[in-house]
Amino acid sequence: MAANQSSEWRTVCEKLSLAQELSEVESRKDPENNPFRSKYKARDLLKEIHCSLKKNQIEEEGEADNEADCKCRQMVDEEPENDECGKSCSGDSPAGLRAARLAVVQYYLGLNHIETEELSAGEQHLMNCMKLIDKCTTTRENVSLFIQARNQLGILWAGRDEIEKAQGFLEIAESMYLLYMREDGQPPLDLQDFFVLEGEELSQQEKIRRFEMAYTHTLYYLAQVYKNLQQYERAGQYCHSTLQRQLEYKQFVPLEWAINAATLSQYYITKTRYMEARHCLAAASVIATLAGEIPSEAAAKESDAECEKREELLQKRAEIARCWINYCLNLMQDAKKLLEDNIGELDLDRQEELKRAHRNEEEENEKGRKSTILFGSSDTFDSICSLEEKVSSMLPLDFEEARSIFLVGQSYVVQAKEYFAMDGHVTDHIEILQDHSALFKVLAFFEQDLERRCKMHKRRVDMLEPVCKDLNAQYYLLICRQLQFELAETYYEMMDMKLAVADKQDQPDVHTIKKFNHLCSSSMNYYQMFLDSIRSPEGKFSEKLEDDLLRPALVAKFRVARLQSKFISSNLATQLENLTHSLESYNFVVQYCEENPEAKKAVETELELSIEMVSLLPLKINRIGSKIASCN
């Protein structure tokens, strides 16, 4: 190459380097009233580079300097012509390299226009880039550019909600990567390699890293595309592969990676793939620690940066803790579904049968799946495995197994509440309390001693009742209803347990009767509060209940009826009053379903029992009435 050509080439390389610095560094300092100042300067430099490259190409073909200069300026925003490089042109030929170099500039111009919110122009430049390299065979000289251009077009079309178009570009990029790795596999040229001076080339390791990260981006964008297309299984697979590759090539932001892994765990939970979910959560917890120590409150007060860091670290770690809570809760709830009989109690025969068969099967399944889903590098793998060992990924089959999972979940409840405190995070704090209550509820299922089970439900009451009483229903109506209904259910379950204990006694003592009536009254009061919350301002029920309230309202009315009939009293007048109220409540359920036949499916069991009680209670009421009359 002649000296003047070397000088020109150095100028071109320096211009590209400056354009990248303007786009990636200087643009962050641009004023609010001119946010794209540096981007526009970078664009001008890219256009100059394009003109220089095109001018050299035209000159080589024998055109005059002034004609070449004029022609190259016209062509920067136009589609490339079908010139020297036909489809049979090799990507590593001089013509192929010239086409690739021009395509790189078109690629950078495309990104520049997209970053300045000129999407149509950006699309045009990216398409120009693709047309230039599509004229040539794919080789290590242009394969990275091929993939990155399609990645950007995939993002562009996804942003326009043209998901299937985005899918097309990204799947071609994926196929090209797989084909190249199968047929060649050598480190390909990076985009930067087209504009470096001799001796400043990237190392082989850096070329590999950049190429692999381009493919990682392809997988990441495909995961989003498949999620939008509701292909959740594929989306989960691609998300998992993305996370694995980010760790492998050390290209990740710890907190961002951790939240993505924790989010993926929630998908695995919906598929009851608890081993994978646990692994994602363990990895999320370990990788999150790489973001550093949480600054102290004192440090946060002294520095805005430390304050922001403290807030972010506390929030993200609390979010991961909530994902752990959900893991423990769902693991126990799925075990409950497997073990309960037709009335919701522990089926002891089923329990023994599962204990015999379950362990060997689960352990074999774990060995078969584990090798395909592991996260971590040599410096984090041991920590991840150590954290996994603290909680099982197998369904608990007895109280001790359930309790060990419960304790892990409860420890994460404490951690989550440190950030999501009642002051400032009302909704989140109450949701965590509800999860804590649910953990106690499902643990109680495994406990066979009724007195101990009752104490677990009392813990639920103790944590939810103060919040329910203090919460303003005007602002938190939905949450108030949820708490009222759960408290009513909890007292109702405790009442049933006390009833079962009392049935074993020849004659319940005064204390037992008082406790039983208190549970009945408390449950009924909360059911009544829930029902009152759905009345009109005039105190009337709607003739047609909303779909999301239909079953809860009718179940509440049914249970109020049952509770009213369960009160223990030696006073005949009190008995008569309670049974009369009970009959009215049963009648409400029956009449509502007669007037709204579509409601019958929502409360089949309750309706059947209500119809039966509507026919039986009048007889009992009449008998008590007769006794009262005879006494007078």
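The values are calculated or read from the model by the stated rules, or taken from the named source; none is laboratory data. Keep in mind the model is a prediction, meaning the values are calculated, not measured. Backbone-built Cβ (ideal geometry, glycine too); neighbour counts: all protein chains shown. Heavy atoms of the whole protein, side chains included, go into the accessibility calculation; ligands, DNA and RNA do not. Shrake-Rupley method; radii C 1.70, N 1.55, O 1.52, S 1.80 Å.
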If you go through Lys309, Lys316, the only one that is free of Cβ contacts under 8 Å to residues at least 40 places away in the same chain and in a helix (DSSP H, G or I) is Lys309
Report whether or not Ala166 is touching a Gly at 6+ places or on another chain (Cβ under 6 Å) and over 28 Å from Arg10 (Cβ atoms).
yes
Conditions: (1) touching a Lys or Arg at 6+ places or on another chain (Cβ under 7 Å); (2) outside any helix (DSSP H, G or I). Lys390 meets all but one. Number of the miss?
(1)
Could you tell me which of the residues Thr263, Thr272 is open to solvent by 10 Å² or more (accessible area, probe 1.4 Å), of a type outside the set (D, E, K, R), not in a helix (DSSP H, G or I) and not assigned by the TED database to the domain that holds His240?
Thr272
Somewhere in segment 468-487, is a residue in contact (Cβ under 8 Å) with a residue 60 or more places away in the chain, closer than 22 Å to Tyr592 by Cβ and touching a Leu at 6+ places or on another chain (Cβ under 8 Å)?
no
Of residues in segment 509-533 being of a type in the set (Gly, Ala, Ser) and surrounded by 15 or more Cβ atoms within 10 Å (Cβ to Cβ), the one nearest to Glu546 (Cα to Cα):
Ser533
Among the residues of segment 432-447, is any over 31 Å from the mean Cα position of the chain (by Cα) and farther than 30 Å from Glu311 by Cα?
yes
Can you list residue pairs whose Cβ atoms sit under 7 Å apart, with the first residue in segment 605-632 being closer than 15 Å to Tyr586 by Cα and at pLDDT 95 or above and the second being assigned to a helix (DSSP H, G or I) and open to solvent by 70 Å² or more (accessible area, probe 1.4 Å)? Count only pairs 6 or more apart in sequence or on different chains.
Leu607/Lys600
Can you tell me which residue within segment 73-119, out of those that are among the acidic types (Asp, Glu), under 43 Å from the mean Cα position of the chain (by Cα) and modelled with pLDDT of 75 or more, is most open to solvent (accessible area, probe 1.4 Å)?
Glu117
Find the residue count for segment 534-546, including only residues that are in the same structural domain as Phe567 (by the TED database) and open to solvent by less than 30 Å² (accessible area, probe 1.4 Å).
1
Could you list all residues from segment 228-240 that are surrounded by fewer than 19 Cβ atoms within 10 Å (Cβ to Cβ) and assigned to a helix (DSSP H, G or I)?
Asn228, Tyr232, Glu233, Arg234, Gln237
Test Ser27 against the criterion of being modelled with pLDDT of 90 or more, small (Gly, Ala, Ser) and open to solvent by 20 Å² or more (accessible area, probe 1.4 Å), and give yes or no.
yes
Is it the case, given these coordinates, that Leu499 is buried (at least 18 other Cβ atoms within 10 Å of the Cβ) and touching a helix residue (DSSP H, G or I) at 6+ places or on another chain (Cβ under 9 Å)?
no
Within segment 442-467, of all residues that are open to solvent by 50 Å² or more (accessible area, probe 1.4 Å) and without any contact (Cβ under 8 Å) to a residue 40 or more places away in the chain, the one farthest from Cys323 (Cα to Cα) is Asp449
Which count do you get for residues in segment 569-601 that are more than 21 Å from Ala629 (Cα to Cα) and open to solvent by 30 Å² or more (accessible area, probe 1.4 Å)?
10
Cβ-Cβ distance below 7 Å, separation of 6 or more or different chains: which pairs start in segment 498-509 with a residue that is at negative phi and end on one that is surrounded by 10 or more Cβ atoms within 10 Å (Cβ to Cβ) and not hydrophobic (A, V, I, L, M, F, W, C)?
Lys498/Lys515; Ala502/Pro508; Ala502/Thr512
Which condition breaks for Gln351 when tested against (1) touching a residue at least 40 places away in the same chain (Cβ under 8 Å); (2) among the polar types (S, T, N, Q); (3) open to solvent by 30 Å² or more (accessible area, probe 1.4 Å)?
(3)
Being open to solvent by less than 50 Å² (accessible area, probe 1.4 Å), assigned to a loop (DSSP other than H, G, I, E, B) and in contact (Cβ under 8 Å) with a residue 40 or more places away in the chain narrows it down to one residue among Leu197, Leu243, Leu219; which is it?
Leu197
